[in-house]
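Asks: Below you will find the structure I want to go over with you.
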Amino acid sequence: GGCTIAVAVSGGTHPLSGGSYTTAPAGTVTVSINGQTAHTFTMDQGGGAYNGSFIYEPTSSGTETVTATAVDSVLYSGSNSESITFTAPSTITLGETYDPGSGIATFNWTGGTGTVTVYKVSGPGAGTLVCSSSGSSCKSDKSGSKSVNSGDQVYAQDSNGDKSSTITIT
């Protein structure tokens, strides 16, 4: 999971690092998200350019302000900000119990908001709705488009569009 955030810095008259000032913040790039430091790079490549990236794991979904601030070897600084929409990892954990005798699967989940719907990813009728509930479980049909078999893959999605990981019916 996570998002790759990349920075590219071009220097000015003075080198980005290795000048008169050798301790932070000299020669650094700090990336902040809504004012909170997410990552700090040390520009140790010397010269007039620096490229770096890191993986950011969002904890909530929504639009955030991402700001990168570079400070060169003589403490001159520059910054740039962008609004980026992040999607947090799923809060839905899906489980299942399949009874081959009855041909019915019981799906249960934790997390999610509003109505949670289970969709079939593979097998006959892939892409179709299997069952849904505003509670914490639902059952497949014994036959027809809302049925599942051992080996089929399914996932759950809530009213906000948050999706669980795909699981395989066993």
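Asks: With Ser32, Ser17, Ser90 as the choices, which residue is surrounded by 13 or more Cβ atoms within 10 Å (Cβ to Cβ), in contact with a Gly (Cβ under 6 Å, 6 or more places away or on another chain) and at negative phi?
Replies: Ser17
Asks: Is at least one residue of the stretch 39-57 among the polar types (S, T, N, Q), touching a Lys or Arg at 6+ places or on another chain (Cβ under 8 Å) and surrounded by 13 or more Cβ atoms within 10 Å (Cβ to Cβ)?
Replies: no
Asks: Okay, moving on. Take the conditions surrounded by 13 or more Cβ atoms within 10 Å (Cβ to Cβ), acidic (Asp, Glu) and either out of contact with any Phe, Trp or Tyr (no Cβ under 6 Å at 6 or more places or on another chain) or within 30 Å of Ala49 (Cα to Cα) (or both) and apply them to Asp72. Does it pass?
Replies: Judged against the criteria, Asp72 is a match.
Asks: While we're here: Checking the condition within 15 Å of Val9 (Cβ to Cβ), without any contact (Cβ under 8 Å) to a residue 60 or more places away in the chain and of a type in the set (A, V, I, L, M), which residue from Ala68, Ala49, Ala38 passes?
Replies: Ala49 is the lone residue from the list that is within 15 Å of Val9 (Cβ to Cβ), without any contact (Cβ under 8 Å) to a residue 60 or more places away in the chain and of a type in the set (A, V, I, L, M).
Asks: Scan the stretch 85-103 for residues that are touching an Asp or Glu at 6+ places or on another chain (Cβ under 8 Å) and at pLDDT 95 or above and jot them down.
Replies: Scanning the stretch 85-103 gives no hits.
The values are calculated or read from the model by the stated rules, or taken from the named source; none is laboratory data. Note that the structure is predicted; figures quoted are calculated from it, not measured. Note that each Cβ is placed from the backbone with ideal geometry, even for glycine, and that neighbours are counted across all protein chains shown.
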